[in-house]
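A single structure is presented below for examination.
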Amino acid sequence: MKDTALSSTHEALGAKMVPFAGYNMPVQYEGVNAEHETVRNAVGVFDVSHMGEFLIEGPHAFELIQKVSSNDAAKLDVGKAQYSCLPNDDGGVVDDLIIYKLKEETYLLVVNASNIEKDWNWISSKNDVGAEMRDLSEAYSLLAIQGPKAVEAMQSLTSHDLSEIKFYNFVIGDFAGIENVIISATGYTGSGGFEIYCKNSEVKQVWDKVFEAGADFGIKPIGLAARDTLRLEMGYCLYGNDIDDTTSPIEAGLGWVCKFNKDFTNSDALKVEKEHTPERKLVAFKLEERGIPRHGYDIVDSSGKTIGNVTSGTMSPSLGYGIGMGYVPKVFSKVDSNIYIQVRKKAIPATVVKPPFYKG
């Protein structure tokens with residue numbers, strides 16, 4: 001089990017630590033609901049240093065990225081980031097990721113912690129163009145400072161105007177007394193804020209200064225459990241739950257990051273699939289009666305026949321009712337379709353809705 005550079009800090013703060021993607025990670029501090037509300041209403045800090053970072057550079061970097069990723073990196077200017085996925089050869093997804101254009105011929109790929117080795121091997125296997133690749137995952141830390149008060153709370157720590165950094169844009173500069181920090185307006189909570197990339201040797205200083213600066217704004221440390229409820233309220237996919245090697249990006253609703261104006265891995269097959277509509281689709285649903293949908297629960301029709309299963313589910317802290325996502329046949333995928341979630345012996349009625357659940 002690996003520690004992040006801040007594992008001892010979390011333990012000192014009384015965090016409940018759990019194994020996650022091979023790392024010793026804080027799952028919660030004071031409780032999921034309280035931490036969730038902190039991010040929705042004020043500002044909270046996640047240690048997500050378990051995420052992977054690959055540097056792809058050189059004259060052939062762009063060529064490699066265009067080949068392995070579904071989105072169009074030609075749309076990236078320096079200072080911009082892009083959500084994308086790595087399709088496999090069989091119609092599924094190797095991983096979803098964020099691609100940052102740091103400078104001309106230099107890109108940072110941020111991948112899921114559980115997939116670092118798999119992604120590295122996959123991209124390497126496609127690198128017949130001679131792009132330079134470096135795995136920085138073990139050397140860098142990542143903090144997500146999320147919530148509506150994040151800009152105001154963190155402004156004293158940098159000379160950059162944080163309010164000027166638009167969603168999916170970033171700057172490289174000073175933060176918390178450290179130079180060459182990536183300050184990125186990306187995040188997976190739907191409540192605004194930043195992600196901070198720095199070296200492991202620098203992250204404790206950054207963490208301490210972030211909490212000093214945020215003290216008057218109600219800042220608190222947040223665990224991975226609240227990160228999950230926050231992302232689910234936005235209808236964002238989680239790799240390993242909602243997408244994996246067997247799920248197509250088209251059926252997962254990620255057709256918008258599949259740009260068919262270029263060739264990429266399995267693009268011909270995915271283009272055909274998009275044109276003909278997949279047989280099953282990932283839908284968002286809300287429960288119409290009390291209950292909590294859990295990962296793996298069956299989704300059934302009115303006669304009790306199993307038509308799919310729940311990929312992600314929770315009791316929404318912001319909304320006060322059960323929400324979830326799951327794959328169903330396309331006939332059940334339209335908004336307002338009626339489905340049922342099998343919670344133990346009871347089939348609870350649910351309605352297909354258009355995400356996000358949480359409108360802010």
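If a residue counts only when it is over 18 Å from the mean Cα position of the chain (by Cα) and over 23 Å from T9 (Cβ atoms), which strands (runs of 3 or more DSSP E) contained entirely in region 99-218 have at least 3 such residues?
Those strands (runs of 3 or more DSSP E) span 132-135, 170-175.
Let me ask something else. Within the group S312, S337, S303, which residue is at negative phi, under 21 Å from the mean Cα position of the chain (by Cα) and at pLDDT 95 or above?
Numbers: S337 fails: under 21 Å from the mean Cα position of the chain (by Cα); S303 fails: under 21 Å from the mean Cα position of the chain (by Cα).
After ruling out the rest, the residue left standing is S312.
Right, here's the next one. When Y100 is evaluated against the numbered criteria (1) among the aromatic types (F, W, Y); (2) surrounded by fewer than 20 Cβ atoms within 10 Å (Cβ to Cβ); (3) touching a Leu at 6+ places or on another chain (Cβ under 6 Å), which criterion, by number, is the only one it fails?
That leaves (2) as the condition not met.
Another question, then. Is it true that G296 is surrounded by fewer than 20 Cβ atoms within 10 Å (Cβ to Cβ) and out of contact with any His (no Cβ under 8 Å at 6 or more places or on another chain)?
For G296, the condition - surrounded by fewer than 20 Cβ atoms within 10 Å (Cβ to Cβ) and out of contact with any His (no Cβ under 8 Å at 6 or more places or on another chain) - is met.
Could I ask something else about it? Identify, from the list T246, T277, the residue that is surrounded by fewer than 21 Cβ atoms within 10 Å (Cβ to Cβ), under 26 Å from F54 (Cα atoms) and either at pLDDT below 95 or not assigned by TED's automatic domain parsing to the domain that holds G308 (or both). Spell out the reasoning first.
Working: T277 fails: under 26 Å from F54 (Cα atoms).
T246 is the lone residue from the list that is surrounded by fewer than 21 Cβ atoms within 10 Å (Cβ to Cβ), under 26 Å from F54 (Cα atoms) and either at pLDDT below 95 or not assigned by TED's automatic domain parsing to the domain that holds G308 (or both).
Would you mention how many residues in region 311-345 are closer than 11 Å to L287 by Cβ and assigned to a strand (DSSP E or B)?
10
Right, here's the next one. Of a type in the set (F, W, Y) and touching a strand residue (DSSP E or B) at 6+ places or on another chain (Cβ under 9 Å): which single residue out of F264, F260 fits that description?
Going through F264, F260 in turn, the sole match is F264.
Hey, another quick one. Select from region 21-37 the residues that are outside any helix (DSSP H, G or I) and either without any contact (Cβ under 8 Å) to a residue 60 or more places away in the chain or β-branched (V, I, T) (or both) and list them in ascending order. Give the derivation first.
Of the residues in region 21-37, the ones outside any helix (DSSP H, G or I) are 21-31.
Scanning region 21-37 gives N24, V27, G31.
Say we look at region 190-233 and pick out the residues that are hydrophobic (A, V, I, L, M, F, W, C) and surrounded by fewer than 18 Cβ atoms within 10 Å (Cβ to Cβ); which of these is nearest to S163 (Cα to Cα)?
Start the filter on region 190-233 by keeping residues that are hydrophobic (A, V, I, L, M, F, W, C), which leaves 194, 196, 198, 203, 206-207, 210-211, 213, 215, 217, 219, 222, 224-226, 230, 232.
Then drop every residue that is not surrounded by fewer than 18 Cβ atoms within 10 Å (Cβ to Cβ), which leaves 211, 215, 217.
Values: F211: 19, A215: 20, F217: 17 Å.
The selected residue is F217.
Still on this structure, I have one more. Looking only at region 1-20, which residues are touching a residue at least 60 places away in the same chain (Cβ under 8 Å), out of contact with any Phe, Trp or Tyr (no Cβ under 7 Å at 6 or more places or on another chain) and buried (at least 17 other Cβ atoms within 10 Å of the Cβ)?
Once the filter is applied, which keeps residues that are touching a residue at least 60 places away in the same chain (Cβ under 8 Å), out of contact with any Phe, Trp or Tyr (no Cβ under 7 Å at 6 or more places or on another chain) and buried (at least 17 other Cβ atoms within 10 Å of the Cβ), region 1-20 yields A5, H10.
The values are calculated or read from the model by the stated rules, or taken from the named source; none is laboratory data. Predicted model, so just to flag it, every value in this text is computed and none were measured. All Cβ positions, glycine included, derive from the backbone under ideal geometry; neighbour counts span all protein chains shown.
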